[in-house]
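Notes follow the structure.
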Amino acid sequence: IGVIMVFLYLPGRLIVKKISSISPLQSLVLSFVLGISLLSLVAYIFGNLGMRIVVPLYIAWCTIITLPSFRHEIRYLRSSLSEIFKEKILLLILLVGVPIATSAIFLSGLPNSDGLYFFGVNPIDGLFHISLINSLTNFVPPLEPGLPNTPMANYHYLSNLVLAEITRLTGLPRFNLF
């Protein structure tokens, strides 16, 4: 939860808190969307320039700027999350829709006696994305997972880049993130 807060919520919140005409729930969603977008943009630009050291500096800068108001931000986050319980349709979607949507992949990739077990779409798609995340921890643009030393072209990898940066900077296993 701390990684999500520092890497994704706080950078977006720095910008969103300047907008006074939105509800706390809108602020919460917009902060995460903007935070994810900013991290992918910073990682993409500075990864292509060969200056990936800027990414942890960006995270540190966002964290340092929010330190004076950190307690306020935690309270605001809690109040924003409590707004979810007031929105009955949203709560229904989260409690029923998300488990249904993720049921096909939820336990895929867990270790068993034979190694890792992938089922559903994950034997192909999941392994491809894990390979892509693995490549992105070392190279931007990534190398094609099936073709050694060939840069990937014509593929959208920004969501994988966000997970790769979190893996690279925290050491969290990529299997747990994907």
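Key figures for this structure:
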{"read-out": "Kyte-Doolittle mean at least 0.0 and Cα axial length at least 15 Å: DSSP H helices in the chain", "value": "24-48, 54-66, 158-170"}
{"read-out": "Burial ranking of peptide ranges 94-102, 53-61 (average Cβ count within 10 Å, highest at the top)", "value": "53-61, 94-102"}
{"read-out": "Residues N112 and V33, FRET efficiency given R0 of 30 Å [Cβ-Cβ distance, rounded to 0.05]", "value": "0.25"}
{"read-out": "Which of R13, R75, R168 is most accessible, then next, and so on - probe 1.4 Å", "value": "R75, R168, R13"}
{"read-out": "Sequence-distant residues sharing a close amide H with L143 (under 5 Å, placed H)", "value": "M152"}
{"read-out": "Order of exposure, largest accessible area first, which applies to M51, M152 with probe 1.4 Å", "value": "M51, M152"}
{"read-out": "Kirkwood-based Rg to Rh ratio, the chain, C-alpha trace", "value": "1.00"}
{"read-out": "Cα-based Kirkwood hydrodynamic radius, region 26-130, one decimal, Å", "value": "17.6"}
{"read-out": "Region 116-157: C-alpha gyration tensor shape, a/c 1.5 cut-off, then a/b vs b/c", "value": "prolate"}
{"read-out": "Value of [θ]222 nm, deg cm²/dmol, for the chain, DSSP H segments ≥ 4, -39500 (n - 2.57) each, nearest 500", "value": "-16500 deg cm²/dmol"}
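The values are calculated or read from the model by the stated rules, or taken from the named source; none is laboratory data. Quantities reported herein were computed from a predicted structural model and do not represent experimental measurements. Please note: Cβ atoms are built from the backbone with ideal geometry, for glycine as well, and neighbour counts cover all protein chains shown. For accessibility, only protein heavy atoms count, side chains too; no ligands or nucleic acids. Shrake-Rupley method; radii C 1.70, N 1.55, O 1.52, S 1.80 Å.
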